[in-house]
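The values are calculated or read from the model by the stated rules, or taken from the named source; none is laboratory data. In this text the structure is predicted, and so the values were computed from the model without any measurement. So basically every Cβ, Gly included, is an ideal-geometry build from the backbone, and we count neighbours across all protein chains shown. These accessible areas exclude ligands, DNA and RNA; they are computed on the full protein's heavy atoms, side chains included. Shrake-Rupley method; radii C 1.70, N 1.55, O 1.52, S 1.80 Å.
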There are 2 protein chains.
Amino acid sequence: MRTTQYLLSTLKETPSDAEVISHQLMLRAGMIRKLASGLYTWLPSGLKVLRKVENIVREEMDKAGAIEVLMPVVQPADLWEESGRWEKFGPELLRIKDRHERPFLLGPTHEEVITELVRKEINSYKQLPINLYQVQTKFRDEVRPRFGVMRAREFTMKDGYSFHLSDECLQQTYDKMHQAYCNIFDRLGLEYRPVLADTGSIGGSMSHEFHVLAESGEDAIVFSDGSDYAANIEKAEALAPSGERANATQNVEKVATPDTHSIEAVSALLNVEAAQTIKTLLVQACDEDGEANGVVALVLRGDHELNEVKAEKLSQVFAPLTFANETQINAAANCDAGSIGPVGLTVPVIVDKSAAHLADFVCGANENGFHLTGVNWDRDITDYQVNDIRNVVEGDPSPCGQGKLMIKRGIEVGHIFQLGTKYSEAMKAGVLTESGKHQTLTMGCYGVGVSRIVAAAIEQNHDKFGIKWPANIAPFQVCVLPMNMHKSHRIPDVANKLYSDLQNAGIDVLFDDRKERPGVMFADMELIGLPHVIVIGERNLDEGLVEYKNRRTGEKQTIKIDEAIAFIQSQLS
Amino acid sequence: MRTTQYLLSTLKETPSDAEVISHQLMLRAGMIRKLASGLYTWLPSGLKVLRKVENIVREEMDKAGAIEVLMPVVQPADLWEESGRWEKFGPELLRIKDRHERPFLLGPTHEEVITELVRKEINSYKQLPINLYQVQTKFRDEVRPRFGVMRAREFTMKDGYSFHLSDECLQQTYDKMHQAYCNIFDRLGLEYRPVLADTGSIGGSMSHEFHVLAESGEDAIVFSDGSDYAANIEKAEALAPSGERANATQNVEKVATPDTHSIEAVSALLNVEAAQTIKTLLVQACDEDGEANGVVALVLRGDHELNEVKAEKLSQVFAPLTFANETQINAAANCDAGSIGPVGLTVPVIVDKSAAHLADFVCGANENGFHLTGVNWDRDITDYQVNDIRNVVEGDPSPCGQGKLMIKRGIEVGHIFQLGTKYSEAMKAGVLTESGKHQTLTMGCYGVGVSRIVAAAIEQNHDKFGIKWPANIAPFQVCVLPMNMHKSHRIPDVANKLYSDLQNAGIDVLFDDRKERPGVMFADMELIGLPHVIVIGERNLDEGLVEYKNRRTGEKQTIKIDEAIAFIQSQLS
């Protein structure tokens, strides 16, 4: 492709509304343009990358025995009423009405539609297992779309769904999909990690997320340095500290801690480690019907953070997790939030395993401006329950028993679930078994954020000059960059010949035939980030040479013009 | 692909709600399933066809120098307010609101979005012309979706848009697109015709439709038997009959025509040809502001039909064309609709060219139960205007001056327009010219109904047993059909080997490895309609033979097993 016949649309300046580097570079490199909040047009070079990602995903899904279908974007509400999600799904679900005032929605995901299809088309155990997928436009009405296509409202997703007679069979397909996803991310040329994940609101029994590693990642993912263990931070279990809890050696003492509104301030004032203090958080409690009712106290070591997902799963805690308001705090503890402590509290108390391992610790006195020191469990607080409710931190022992935990940042680009019978039961999807009995199907689901991968790849592969595309998803494989072509006799001939030779060799090449200054052309090519660049200049031509530059390694070398095609082919293979 | 590992989903019975053959066969062959009115899921074999069509379209667009982009399905209302279509577009435009109550729509077409893109990205004449296209999901909220994917609400379309400095440049790209469309339909293997079309509500100066010929087609398309002239019936000009009008020979006579409520009845009663009578239709008239105001009379020969598109274009006629109601008819003619005639009418009278060529004709007397005979223009009706307002009929002279017109049925699958400045003017899309002046862009647009082509191909290519796929868009190229495989020792070996040999030769093959009766398997394969079928049976195997059947020609022959691959390759090339 010649740049003069293309829509290049590079920008020199970084658009002010782009917060993350991938968004900035996708705008600057002319890959996308914003149409409205969370809605993007893919320009030619961006679309080429998107399609390359899409094709790799498709090929690996096909290889793994999944079959491609295509479901509508617009879905009727009645199926979502059957599954219960019409009510439960938040305002991210864009509910619409057609001209006859019938309710529909723009699909954020397709569990209902595929289950409707399968319950009609699959009637016998002989047709199972089956694994169907699609690559499709999805819509999620994000309250605050941001980061470009990373969190857009309209996006491209590969979503797959498998149906089985047994959990064992589901496990087999799940393992196959796990492997297919590894193959996908290997081929994409991205550094990634599959991690154990919480099954969350979609439900089900087992789940892995696939994260592209990048410092800018929104998610914390946790690894063991001594095993294969990996999980996202929501899921990673924090073990109780080893050994017995120390015995109490101090008596409880009430100390004045005026104007100390943080753990740090209290620690400094009393000259104790934050790890020797505890913090007490009041959140909405939950009655037997799942309604918010009263409050419950969550107790953590001063240096630890609450894990909301873990807390939310406790039967005593209202979901979604909601912190108590001022009135509730005053009623429960008769003080401000910063002075709450478990001693004498009459609401239920849930203590994190690490906090429960402390002896002679510091906590709020339930009286503004005062704390207690020398507090001990069982002696001073007798009615409490111990659970894992904190985020792990680096150095924690791995829950697998081997090694210590490390934490990295990741961008979630894939997610596989064992859904079980959540949808098939609600929607009555079953078959006749070999023995003639009706059996509800067991279901798995498998998502890849196709458009998100494009952004994640850039977050992981860039420098201050622009994008450094992995070979398999670069918009073009090679760039031919002639310097001052319009001022030279020889350069246009050499450049045109090289361009057509590369094309004839089946290589996808961008030929920058613009009449621009070399500096502008170099800057654009660094920005766009094609892996292999051939620079044609007068001086090298005298010796029959052109310059080669590898965008990823930065390596430069001169090569003979006659050997350029063979050289590029060897680089590509 | 093995059928046992595929979602075959063929149906023996024709679903009762499928009116047209393509819809019936797409359901029966397991290509699509209805999710809701006008919303279809594409099952695996249907999707394969859709993708093959899509790829042929894409390849020809790329070859013609068009550049692919991808715009959002969901579009903000404000762009449509700029173009004026937010108000004008009917209820087919699905208007929606997001969670913040901001108005959006599901895109039925993308003129506004592309014009918004181009006015931002294209600033200089140097970047022109540019021709951008996408293949994308569109939505049109049809009041009565029907015929399966032929008139669905959600559908796949290729829409392209070009931008130019001059009409000459637009004409060049338009011609290129015309050729690209011919290439597309040639490669699809369909019998088609490009025809001159009316530019209708999209506006612009020149337009061609591409029709797949099929007896079931909704549209009438018109050809000359003596030239290349072709047009759709809305557009085809009806010439005035040749020669001078005959002189009046009769006097006006009022005759009783009780209980005659049709042209046929009047002709029979008075013993005159329908072609010697006229009919007078009253429609809403239009004032200078384009508002409906009063009525106007349209006069046609008794054997001719009104062309609503032609009538609507007349400045005196309100658009959309609306027939006068009973009150208006009584006020204008003092009789029922069946007895109106132009003699003595005080409303404006517009006479079709053929009707205006009659002498001594019969018309309504503006009195219930009476007609006039021996009526003559200029003598009996003096205030009238002559226009072409009828549909052409077979045998009419071609407007090109050569040959007579023939009429066939077609299914519109492509449409190209010269839009001119309709959108670029409203949305202020212009560039600086070489001389530094601001100039509004001239625009073309080019659509292909990708999913509709799948249905149209079937309407044109089927028999009573099922689909007869053209080679390039068949879901698979070849079918391997072993008879009673589970009862034989040899057949599975031969079939499996043939299947893998075909695959290794790069041939897309469907292997029917089900344990079904031969009759069921034959019926399914005829229904699915793959072009080449190899039947493996015990008897032929004794002689080292298999049977080949060509689904399109019906030709059968036995071939040596060892030569089967080479034979199929020769059939495919």
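Worth a mention:
- Restricted to segment A:132-144, and to residues there that are open to solvent by 30 Å² or more (accessible area, probe 1.4 Å) and not hydroxyl-bearing (Ser, Thr, Tyr), the residue that is nearest to the other protein chains (Cβ to nearest Cβ) is A:Val143.
- Some residue of segment A:18-31 being within 21 Å of A:Asn461 (Cα to Cα) and within 11 Å of another protein chain (Cβ to nearest Cβ): yes
- Among residues of segment B:73-92, those that are crowded, with 20+ Cβ neighbours inside 10 Å and either within 26 Å of A:Leu47 (Cα to Cα) or in contact with a strand residue (DSSP E or B) (Cβ under 6 Å, 6 or more places away or on another chain) (or both), counted: 6
- Residues in segment B:74-131 that are assigned to a helix (DSSP H, G or I), within 12 Å of chain A (Cβ to nearest Cβ) and either modelled with pLDDT under 95 or more than 26 Å from the chain's Cα centre (by Cα) (or both): B:Ala77, B:Asp78, B:Leu79, B:Glu116, B:Leu117, B:Val118, B:Arg119, B:Lys120, B:Glu121, B:Lys126, B:Gln127.
- Options B:Ser451, B:Ser435, B:Ser424: the member that is in a loop (DSSP other than H, G, I, E, B) and either hydroxyl-bearing (Ser, Thr, Tyr) or modelled with pLDDT under 95 (or both): B:Ser435
- Failed item in (1) open to solvent by 60 Å² or more (accessible area, probe 1.4 Å); (2) hydroxyl-bearing (Ser, Thr, Tyr); (3) touching a residue at least 12 places away in the same chain (Cβ under 8 Å), with A:Ser435 passing the rest: (3)
- Set side by side, the residues A:Asn293, A:Asn307, A:Asn251 differ, and just one is at pLDDT below 95 and in contact with a strand residue (DSSP E or B) (Cβ under 7 Å, 6 or more places away or on another chain), which is A:Asn293.
- Checked against the criteria, A:Val393 does not count as in contact (Cβ under 8 Å) with a residue 40 or more places away in the chain, part of a strand (DSSP E or B) and not basic (Lys, Arg).
- Residue in segment A:59-72 that is farthest from the other protein chains (Cβ to nearest Cβ), counting only those that are buried (at least 18 other Cβ atoms within 10 Å of the Cβ) and under 23 Å from the mean Cα position of the chain (by Cα): A:Glu60
- Options B:Asp228, B:Asp198: the member that is open to solvent by less than 30 Å² (accessible area, probe 1.4 Å), modelled with pLDDT under 95 and charged (D, E, K, R): B:Asp198
- Restricting attention to segment A:315-334, the residues being outside any helix (DSSP H, G or I), exposed (fewer than 13 other Cβ atoms within 10 Å of the Cβ) and of a type in the set (Ser, Thr, Tyr) number 1.
- Neighbours by Cβ (under 6 Å, 6+ apart or cross-chain): first from segment A:454-478, over 25 Å from A:Ile507 (Cα atoms); second of a type in the set (S, T, N, Q): A:Glu459/A:Ser22; A:Glu459/A:Ser216
- Applying a threshold of 7 Å to beta carbon distances and a minimum spacing of six or more residues, or different chains, the list of pairs starting in segment B:551-573 at a residue that is under 16 Å from B:Leu530 (Cβ atoms) and ending at one that is in a loop (DSSP other than H, G, I, E, B) and of a type outside the set (A, V, I, L, M, F, W, C) reads B:Arg551/B:Lys468; B:Arg551/B:Gly529; B:Arg551/B:Pro531; B:Arg552/B:Lys468; B:Arg552/B:Pro531; B:Leu572/B:Gln477.
- From the list B:Val299, B:Val255, B:Val283, B:Val295, the lone residue that is surrounded by fewer than 20 Cβ atoms within 10 Å (Cβ to Cβ), outside any loop (DSSP other than H, G, I, E, B), touching a residue at least 40 places away in the same chain (Cβ under 8 Å) and touching a helix residue (DSSP H, G or I) at 6+ places or on another chain (Cβ under 8 Å) is B:Val255.
- For segment A:467-482, the set of residues classified as more than 18 Å from A:Ile184 (Cα to Cα) and open to solvent by 10 Å² or more (accessible area, probe 1.4 Å) consists of A:Lys468, A:Gln477, listed by residue number.
- For the residues A:Leu50, A:Leu8, A:Leu39, the requirement of being facing chain B (nearest Cβ under 10 Å) and open to solvent by 10 Å² or more (accessible area, probe 1.4 Å) singles out A:Leu8.
- Number of positions in segment A:2-57 that are within 20 Å of B:Ser124 (Cα to Cα) and acidic (Asp, Glu): 1
- Pair list, Cβ < 9 Å and 6+ apart or interchain, from segment A:520-542 residues that are free of Cβ contacts under 8 Å to residues at least 60 places away in the same chain to residues that are polar (S, T, N, Q) and in a helix (DSSP H, G or I): A:Met521/A:Thr3; A:His532/A:Gln571
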